[in-house]
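Read through the structure below, which is laid out as structure tokens, and then see the notes.
The values are calculated or read from the model by the stated rules, or taken from the named source; none is laboratory data. All values reported here derive from a predicted model rather than from experimental measurement. Cβ placement follows ideal geometry from the backbone for every residue including glycine, while neighbour counts extend to all protein chains displayed. Note: accessible area is taken over every heavy atom of the protein model, side chains too, but ligands, DNA and RNA are not part of it. Shrake-Rupley method; radii C 1.70, N 1.55, O 1.52, S 1.80 Å.
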Amino acid sequence: MNAAVRSEHDLLGYRDVPADAYWGVHTLRATENFPITGTPISAYPHLIDALAAVKEAAALANEELGLLEPKKAAAIVAACREIRSGELHEQFVVDVIQGGAGTSTNMNANEVVANRALELLGYEKGQYQYLHPNEDVNLGQSTNDVYPTAVKIATVFAVRGLLKAMSVLQDAFARKAVEFRDVLKMGRTQLQDAVPMTLGQEFSAYAVMLDEDRSRLAEAVELIHEINLGATAIGTGLNAPAGYAESARRHLSEITGLPLVTAANLVEATQDCGAFVQMSGVLKRIAVKLSKSCNDLRLLSSGPRAGLGEINLPPVQAGSSI
């Protein structure tokens, strides 16, 4: 017996897993099957925190409905709270690009939560007869409602960070608009001299652009608050008892502080990706317009001797190795 490994099994058979790993056999197979980008899901801490929040909410709902022993539920909740506090993130090792619609990510989460919960109960990792990744941690769930819900929660928190960053940049542009309000310059179309304007007007346009895009982003993220937790595999709620979806949503809202709502039609919500498409479009809009502003500034500061050289962007590093 090799003390450095433990033996776990799934439907395909037995495999040795590192004894100190909190992930298990399903995660092991995923790392072997999908060595695609080399970037693990732990690179996205918002997603890991969101997965833990979903698992915590599910455990509380299952306990509330009498489906999960209070002792098991308490251990799962404690493990999830550790993960949400930043612990064990390095144990989320599956690749960000994978087959199976996120099943590997969900199984990685189930195994990490289960093995940490086992330790909290006084057992060894892998002793799933006392608390099982699928039967207990994943009780009443499917990858098809866990993963989209977690991605939406992660997206909301990531967008909040982006909105704050955009506000900082907007304020900076607005200050420059005031500072440069009396600096007269040439306005151009197609790089040809057109009509006069002030440098303040130029920076004011950048500030207004960011303000408008922040509004569009805030609108788009509202749609992300609709979740399908409780839908299970295809939206019919198979294996989830009556009252589970609402209980899980309520607990998840309390955990995250987000005004989450359960979709009116879970079959539609499980197959729909419209909110993500809209969010992607808004993010592209922001990226294109920010790129335009950056290119404007680069062109205006070109030179300094043989270019436009209208503004001075302070140097921050050498521009060329030569």
query: In the range 124-146, how many are free of Cβ contacts under 8 Å to residues at least 12 places away in the same chain and more than 16 Å from Ala19 (Cα to Cα)?
result: 2
message: Show the residue pairs meeting these rules: Cβ distance below 7 Å; 6+ apart or different chains; first residue within the range 177-195 and among the acidic types (Asp, Glu); second residue surrounded by 10 or more Cβ atoms within 10 Å (Cβ to Cβ) and not in a loop (DSSP other than H, G, I, E, B).
response: Asp182/Thr198; Asp193/Met186
- request: Could you please find all residues in the range 163-176 being open to solvent by 60 Å² or more (accessible area, probe 1.4 Å) and within 21 Å of the chain's Cα centre (by Cα)?
  value: Lys164
field: Matching residues, the range 157-211, being among the charged types (D, E, K, R) and part of a strand (DSSP E or B)
entry: Lys185, Arg188, Asp193
task: Give Leu169, Leu191 a once-over and let me know the one that is modelled with pLDDT under 95 and not polar (S, T, N, Q).
output: Leu191
- request: Would you point out the residue of the range 293-322, among those that are over 37 Å from the mean Cα position of the chain (by Cα) and charged (D, E, K, R), that is modelled with the highest pLDDT?
  value: Glu310
- prompt: Which residues, taken from the range 37-50, are open to solvent by 40 Å² or more (accessible area, probe 1.4 Å) and within 21 Å of Asp136 (Cα to Cα)?
  reply: Asp49
Matching residues, the range 111-123, being touching a residue at least 12 places away in the same chain (Cβ under 8 Å) and over 15 Å from Glu87 (Cα atoms): Leu118, Leu121
task: Please go through the range 60-106 and pick out each residue that is in contact with a Leu (Cβ under 6 Å, 6 or more places away or on another chain) and of a type in the set (S, T, N, Q).
output: Asn62
query: Where residues in the range 60-73 are without any contact (Cβ under 8 Å) to a residue 12 or more places away in the chain and part of a helix (DSSP H, G or I), which of them is nearest to Gly243 (Cα to Cα)?
result: Glu63
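This table checks each residue for (1) open to solvent by less than 20 Å² (accessible area, probe 1.4 Å); (2) over 30 Å from Ile227 (Cβ atoms); (3) assigned to a loop (DSSP other than H, G, I, E, B).
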residue	(1), (2), (3)
Val17	yes, yes, no
Trp23	no, no, yes
Thr27	yes, no, no
Ala52	yes, no, no
Glu56	yes, no, no
Ala75	yes, no, no
Ala79	yes, no, no
Glu87	no, no, yes
- request: Please list, ordered by first then second residue, the pairs with beta carbon atoms under 8 Å, 6 or more apart or interchain, first in the range 219-244 and among the aromatic types (Phe, Trp, Tyr), second open to solvent by less than 50 Å² (accessible area, probe 1.4 Å).
  value: Tyr244/Ala61; Tyr244/Asn62; Tyr244/Gly140; Tyr244/Gly230; Tyr244/Gly237
query: Condition test on Ala287, is it within 27 Å of the chain's Cα centre (by Cα) and under 30 Å from Arg249 (Cβ atoms)?
result: no
query: Going by the structure shown, is Gly99 at positive phi and of a type outside the set (Phe, Trp, Tyr)?
result: no
message: Quick check on the range 289-303. Is at least one of its residues over 30 Å from Phe173 (Cα atoms), exposed (fewer than 12 other Cβ atoms within 10 Å of the Cβ) and without any contact (Cβ under 8 Å) to a residue 24 or more places away in the chain?
response: no
query: Taking the range 58-73, which residues are out of contact with any Ser or Thr (no Cβ under 7 Å at 6 or more places or on another chain) and surrounded by 19 or more Cβ atoms within 10 Å (Cβ to Cβ)?
result: Ala58, Ala59, Leu60, Asn62, Glu63, Leu68, Lys72, Ala73
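Within the range 218-322, which helices (runs of 4 or more DSSP H) (wholly inside it) include 1 or more residues that are among the basic types (Lys, Arg)? Give the derivation first.
On the way: elements: 244-256, 266-271, 274-300.
In the range 218-322, the matching helices (runs of 4 or more DSSP H) lie at 244-256, 274-300.
Just give me the residues in the range 89-110 being outside any loop (DSSP other than H, G, I, E, B) and either out of contact with any Pro (no Cβ under 6 Å at 6 or more places or on another chain) or open to solvent by 20 Å² or more (accessible area, probe 1.4 Å) (or both), in sequence order.
Result: His89, Glu90, Gln91, Asp95, Thr103, Ser104, Thr105, Asn106, Met107, Asn108, Ala109.
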